[in-house]
Structures are given as C-alpha cells and as structure tokens.
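The values are calculated or read from the model by the stated rules, or taken from the named source; none is laboratory data. What you are looking at is a predicted structure, and each value in this text was computed from that prediction instead of being measured. FYI the Cβ positions are ideal-geometry reconstructions off the backbone, even for glycines, and counts take in every protein chain you see. The accessibility values were calculated without ligands, DNA or RNA, using every heavy atom of the protein model including side chains. Shrake-Rupley method; radii C 1.70, N 1.55, O 1.52, S 1.80 Å.
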There are 4 protein chains.
Amino acid sequence: MLTRNAPKLTYEGALVVMNAAAAKAAEMKLPICIAIVDDGGHLLAFARINDAKPSSVRVSITKAVSAATRRAATGPLPNPENVSVLLSLGMPLASDGNLTCVRGGLPIMWDGVVVGGVGISAGTQEQDEEVARAGIAALQQP
Amino acid sequence: MLTRNAPKLTYEGALVVMNAAAAKAAEMKLPICIAIVDDGGHLLAFARINDAKPSSVRVSITKAVSAATRRAATGPLPNPENVSVLLSLGMPLASDGNLTCVRGGLPIMWDGVVVGGVGISAGTQEQDEEVARAGIAALQQP
Amino acid sequence: MLTRNAPKLTYEGALVVMNAAAAKAAEMKLPICIAIVDDGGHLLAFARINDAKPSSVRVSITKAVSAATRRAATGPLPNPENVSVLLSLGMPLASDGNLTCVRGGLPIMWDGVVVGGVGISAGTQEQDEEVARAGIAALQQP
Amino acid sequence: MLTRNAPKLTYEGALVVMNAAAAKAAEMKLPICIAIVDDGGHLLAFARINDAKPSSVRVSITKAVSAATRRAATGPLPNPENVSVLLSLGMPLASDGNLTCVRGGLPIMWDGVVVGGVGISAGTQEQDEEVARAGIAALQQP
C-alpha cells in the first residue's frame, strides 16, 4: 500500500477549536495564547488574547506541536525506574525543543486519528489544559 | 522622562487587520498565511487559509516580524554603493533570519507609531503586499 | 467542513521512490544521499550511498522538505523585477533554512495531491534532479 | 604516525543493522523510527515504519548521534556527587542537543572501534534499546 487515506484538519476545523478555547479562557478571565497545528505540527491558527505574555507565544506553539506530532497530551513522562525527570526533560532536549513536558497541549482527534494539536499558555498548567479541553470538546460535538 | 506612553496593538486590532486581509485574499482566490505581530515582533494572530502551503507559515511570520521590528515594509534594501544584494541578504544573515528582503510584510501604524506588523505568504510578492495593504487599510479607517 | 480526506505517503511508498532513485544513482555511479519526507516534511526514509559526503545529509533533507512543504520543485525562483537572486536566497533565509533554491528536490504527487518530497545530494544539480525524477517515476507507474 | 587506519561503517553495513532492527520491531509490533549514523554522527540510513510518530524522527537521530559521537550507549549518566540529573541534563544542554540521556541509542562497534550509532524511537526506553541491540547483533555475527 503506497499511500493511505487520512483526515486532515481544515482551517475551519481549527477555528472551531480556537473559538471554543477562547470562550473558555474569557470565562476564566485568562489572558492566554492559543495555538492550533495540523498533524505535521504546522500552524493553522493562533490567537494571543490581550495582555498575554510574549513568552507564551513559543510555549503554546511548542505544546501544540508536541501534542500533534507525539500523538499524546503534553506532560511529565512516566518512567519505570522512577527517574521521570530525566525522561521528561530528556525528550525536549533530544527533539530540538519540539517536545515538552509542560501540560497544556492536547492532540486533536478525528475518527480515531490525530489530525492536529492545540497548545495553551500561560495560565497554570491545569488552567491551560482545561482551556485546551474546551477547545477539543467543541470539535467532537456531533 | 523615565517612561513614555505609546499605543499598543490589541488582539481586537490585530483581528481587524487579519479579517480584512483574509477577505482580500478570498476575493483574489489566494490560499495564504496571514501573520500579525505586535511592536516587539511577537505573534498576536495567525491564520492559514485552507490549502496554503506549510512552508508559508514561517515565511509569513518572518515578514511580519521584519516589518514590525525594522519599522519598515519588507523588500530589497537600497544601498549607496549599489550592492543592494549584499545588504538585502546580509541583513537577514545578521539578524538570525528575523529580517527579510522578500516583499509582503508591512508595518502597522497608529498615530504615527509602528504598533505591529503584518506578513503574507505565499502568492507572488505583489499579491502578498496587496493583501497586506488591504489588512492595514481596515485599521486606518476612521 | 472540519476535516478533509487526503492520501498519506506510507513507508512502503517511500521505499519505492528511494529504491528507484538508488538504482538510478548506481547506474550513474553517483555517491549520493536520498531523503524522502511526508507532506509535513517529516523524514520517512533516508540512504547515504557509500562515500557520499557528510555535508550532503542536511542538504538532501532540506531539498525534500522544501519540495514537500512548498509543493514545488526546488530551484531558483522567478522574479518580475529580475532580481531573482534576492527571492531565491531571501526565501531560505525567511524560512529558517527550510526552503532552498538549489535544484534536486521534487514533490511526490498522488491523485493530484502532494504527499511528500524527495531530495537528492550531491551530484550536480542536474544529476540530483535526474535521480529524483527516477524515484518519482517509479511511484507513478500504474 | 600522521594518520591511522580505522574501519568505517558502509551503507551496506548500516542496512544490516537497520534490517535486523526493523525485523525485531515488526516482531514486537512497534511502529518506530530507526536511525543509523557513522562515527562522525552523520546519517547513513533511516526508516520510519508506518504510523511511527513524526516526533520520533528527531529523537531517534539524536540517540544515534549521541551514541556514536560519545562512543557509549545513551542513558542517564553516573556522577560521583550523586547529582546524576545535573550531568544527565547538563550534557544535552552543553552539546546543543546532540547528546541525550534517554535510552535507545547504542554505538556500533567493529574490531573494538566505534564505527557508528543506532538510535530507536519511540517505544518504551527498554523496547527501544532491545530493538537497537537486535540491530547491532546482526552486524557482529561472523
């Protein structure tokens, strides 16, 4: 099989995620960055809500890229030898900074396939992830 | 005078530029990337209209950063010794890729001050600049 | 439309391109690097045939990434004002080195869609492109 | 002695390692990236088996480069003062990301000399190292 068919996230799909995340952030009164990338980690849509920090731009994009290309939520990595810190920080260092152990990045799924990622920065990690989940939820609605 | 007041582009202002640029691009049937940054060159808003190439993401952001932080439209640089090519390519090399000689980036002005930049990619350089101008025009309207 | 379906190049498909390119290179007695990436510019397969230069590794990958993400063959860019050198070198500088004006990179098409790229280095630019074409041709056969 | 002779890994040798690693990965049903580099850390052969994550490309290459150029398996570094974490993360930071403390990279030996490295990503660290060992074993057979 030389090629296979897969769903691709469109700009319209990305906007659904972004608008829902932005609404959640407004409700939580969080000044944040919202980044949406496709399955290859390439930016589709971005918003820096008023007064969000310049430093959050890169962090939110990295979270989205990490979630999309690693096909998993960002966050600390488990490690059987209980030296999680080495793996959690070693992976970002081994990936030229494209993976992150900071929470707030979630993969965007469609038909059981990762079609992109959303990354939020910078409230607390819990707040960021909550905003990301709100974005994802909007896309999943039937 | 220890500080001075300056206008700062808000996310709402960035959206005005972006929406006008997107409308112009739709009218011209161009699949493009639109990047809006603040006066420090930090991303405020971004859109990759369906089927715009992944390679245009970085180029459009570079154009916006270059226009905003150099306070001037992107494009070939004039040079008194008529070796424009050296300056036009030397500046990107001297700025770690943050300045560009490729047209399609324009500074966003407010009250005579540069408050940000808009970068468009990838139609022709002329098309990109036309889309950027349409975005800017929307902000200047009274 | 929140997502759209698109063909994705598989590892098997990438191998078809790589093996045909390698056969062509052997026939031309060229020690080269062959890089195959997917539509997001992520490496799928790579070969450095004996005695190909270490410096060709990065160049061949850049060519493949450029062809895949810019959806076009690599090479000098045309420019209405006849300052092609500025655009041809300005684009690589504006893309953090991900685009190149050096020939030898071709997009891989399937059903009229770019599903990846192949990059060859380092014979002459003409030799590189000939090897890349041989790789592409193998995939297109019915 | 102005020069000395040393064995150099060939593309054919790299393929022996890669094919054996790929066979092991298939047996373990792992979608992974396999990277083989020479003694200078330059890529010789690479394969991303279907559905391996894009993020694994860079990680597998980093593991191979680290193992080859540091002449040792990748993994946590021992430290006399028992602050292993500082050394294990300090080395990647001091090497521009070319060394890693994440397991799954092994040096390729020949006649007692390191001739290259193999890096695997992304199963667990244990799975990655097992696949790498299978690749190495194929080369060592008489």
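A label point on C:PRO31, set 7 Å along the Cα-to-Cβ line, lies at 3.7, 4.1, 5.8 nm from each of its counterparts in the other copies, closest listed first.
Take C:ARG133, move 7 Å from Cα toward the beta carbon, and the resulting point lies 4.0, 5.0, 5.7 nm from the same point in each other copy, nearest first. Distances between copies of B:ARG4, taken at a point 7 Å out from Cα along the Cα→Cβ vector and listed shortest first: 4.8, 6.0, 6.4 nm. Highest mean packing first, where packing is the average number of other Cβ atoms within 10 Å per residue, the peptides C:50-56, B:67-73 line up as B:67-73, C:50-56. Averaged over the residues of peptide D:88-94, the number of Cβ atoms from other protein chains lying within 10 Å of each residue's Cβ is 3.
Of the Cα atoms belonging to segment B:59-134, the radius of gyration and Dmax stand at 12.0, 35 Å. Measuring from each Cβ of chain B to the axis carrying B onto D, the nearest residue and its distance in whole Å come out as B:PRO54, 6.
With the simple spin-label model, which puts each label point 7 Å out from Cα in the Cβ direction, the D:ARG133 to D:LEU87 separation comes to 2.3 nm.
Size descriptor for segment C:1-75, Kirkwood hydrodynamic radius: 13.3 Å (Cα pairs only, one decimal). Taking every residue in C:95-102 and counting other chain Cβ atoms within 10 Å of its Cβ, the average works out to 4. With q set to 0.13 Å⁻¹, the log10 of I(q)/I(0) for the protein assembly as shown, from the Debye formula over equal scatterers at the Cα positions, is -1.38. Mind checking the per residue accessible area of chain B for me, 1.4 Å probe, whole number of Å²? That works out to 45 Å² for each residue.
Averaged over the residues of peptide D:106-118, the number of Cβ atoms from other protein chains lying within 10 Å of each residue's Cβ is 0.
Its Cα gyration tensor gives chain A an equivalent ellipsoid. The semi-axes, each the square root of 5 times an eigenvalue, are 22, 21, 13 Å from largest down. For segment C:1-38, a decrease in accessible area of 30 Å² or greater in the assembled protein chains relative to the isolated chain, with a 1.4 Å probe, applies to C:MET1, C:LEU2, C:THR3, C:ARG4, C:ASN5, C:ALA6, C:LYS8, C:THR10, C:TYR11, C:GLU12. For the chain pair C and B, buried accessible area totals roughly 1600 Å², probe 1.4 Å, rounded to the nearest 100. Using only alpha-carbon positions in segment C:92-142, the gyration tensor eigenvalues give semi-axes of 21, 16, 6 Å once each is multiplied by 5 and square-rooted (largest first).
Model label points for D:ASP111 and C:MET28, set 7 angstrom from Cα along the Cα-to-Cβ axis, are 3.4 nm apart. In chain A, the portion of solvent-accessible area held by carbon and sulfur atoms comes to 56 percent [1.4 Å probe, whole percent, DNA, RNA and ligands not counted].
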